[in-house]
Amino acid sequence: MVDFQKKDRYTLDDLLTIMAILRSPGGCPWDREQTHRSVRANFIEETYEAVEAIDTDNAQLLEEELGDVLLQVVLHARMEEEAGRFSFADVVNGVARKLVLRHPHVFGDVTVSDTGQALDNWDAIKKQSKNQQTTAEVLKSVSPALPALMRSDKLQKKAEKALGAPAGQAGAAAYSALQKAEAAAADGTPEEKKQTAGDLLFACVGLLRRMGQEPEEALYQANERFIRRFEEAENAASLRGAAERELSSREKDRIWQPEE
């Protein structure tokens, strides 16, 4: 039994103490064995579960999932403190300093008239603080670990902020990419198929941005509609005593075709 006083309500300092105990020789074998790499997937999973709570407007679930995300932060920080590289306090100090630095219109004497100017200031200060000299360096700094649609959206936004909007129409670019992908699908090499498929998705992201839509969110909603159509078709088949594989041609088409 470790020396720890249980409470009705704990603080952040208590959480840090609990993590230190769990990682100590007298703590939990599982917690002691973990590394950044071993719990990497957990961090991603907990973040997506917090996002799910936001999407479903579930405050109680969001409270729980934010705690799980914080747990991951505390765990990773504890690993680094044990290695002597940085501590949770350093993490807090770093993000606080970043917020003060990148909000000169709040904590300094800079004046902004709207959100756009505030974001421009943020980007300019970020670029300067990271010593990024070119737009290419800015683009390379967009994390490759992001979902591909989200990363594509961020890359295009940053490029457009530096260069201005593309001269051509986004719809025409997407249609041209579709034609090239269809041609490659017919008789292209595996590499040509992969390249044209990627270019098609990239062009579609550009089209969605012109429509004012967030690509990741748009595809998420499309996935939900697909599940709903499948469920409706299965229910219809069940009512007439048919199995899933015995769906009518019309029902199968309805599953795969978007709503009109």
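Other residues within the sphere of radius under 14 Å centred on the Cβ of SER87, judged by their own Cβ, net out at -2 (K and R +1, D and E -1).
Once the 1.4 Å probe is applied to the protein heavy atoms, the chain comes out at 72 Å² accessible per residue. Think of the chain as having a plus end and a minus end, set by charges on the Cβ of Lys, Arg, Asp and Glu; of ALA59, LEU16, ALA172, ALA172 sits farthest toward the positive end of this dipole. The chymotrypsin sites (Phe, Trp or Tyr not before Pro) of the range 109-203 include none that meets both criteria, a DSSP state outside H, G, I, E and B (loop) and at most 13 other C-beta atoms within 10 angstrom of the site's C-beta.
For the chain, the Stokes-Einstein estimate of translational diffusion at 4 °C and a viscosity of 1.567 mPa s comes to 55 µm²/s, using the Kirkwood hydrodynamic radius over alpha-carbon pairs.
Close amide H pairs (under 5 Å, H built 1.01 Å from N) link ARG102 with no residue at least 5 positions away or on another chain. Return the calculated 222 nm mean residue ellipticity for the chain, to the nearest 500 deg cm²/dmol, obtained by summing -39500 (n - 2.57) across DSSP H runs with n ≥ 4 and dividing by the residue count. Helix contribution divided over all residues of the chain: -23000 deg cm²/dmol. In this calculation the C-beta distance from GLU82 to GLU49 is compared with R0 = 35 Å, giving a FRET efficiency of 0.85.
Couplings 3J(HN,Hα) for the range 27-39, derived from phi with the Karplus relation 6.51 cos²θ - 1.76 cosθ + 1.60 (θ = phi - 60°), are x, 9, x, 5, 4, 5, 7, 6, 10, 3, 5, 5, 10 Hz, where x marks Gly and Pro. The separation of the range 116-189 from the range 86-107, counted between C-alpha centres, amounts to 28 Å. List the lysines whose Cα sits under 18 Å from the Cα of LYS6, skipping any in the same chain fewer than 8 residues away. Within the straight-line limit of under 18 Å, LYS6 reaches no lysines at all. For LYS130, the lysines whose Cα falls under 20 Å of its own Cα, not counting residues fewer than eight places away in the same chain, are LYS98, LYS140, LYS154, LYS157, LYS158, LYS161.
Full extension of the chain segment joining ALA89 with ARG37 gains 16.5 nm, where the gain is 0.36 nm per residue of separation less the Cα-Cα distance. The share of accessible area on the range 1-65 that comes from carbon and sulfur is 53 percent, using a 1.4 angstrom probe.
The charge dipole of the range 167-224, taken about the Cα centre with unit charges on the Cβ atoms of Lys, Arg (+1) and Asp, Glu (-1), comes to about 200 debye, rounded to the nearest 20.
The values are calculated or read from the model by the stated rules, or taken from the named source; none is laboratory data. As the structure is a computational prediction, the values presented were derived from the model and not from experiment. Cβ coordinates were reconstructed from backbone atoms using ideal geometry, including for glycine residues, and neighbour counts include every protein chain displayed. For accessibility, only protein heavy atoms count, side chains too; no ligands or nucleic acids. Shrake-Rupley method; radii C 1.70, N 1.55, O 1.52, S 1.80 Å.
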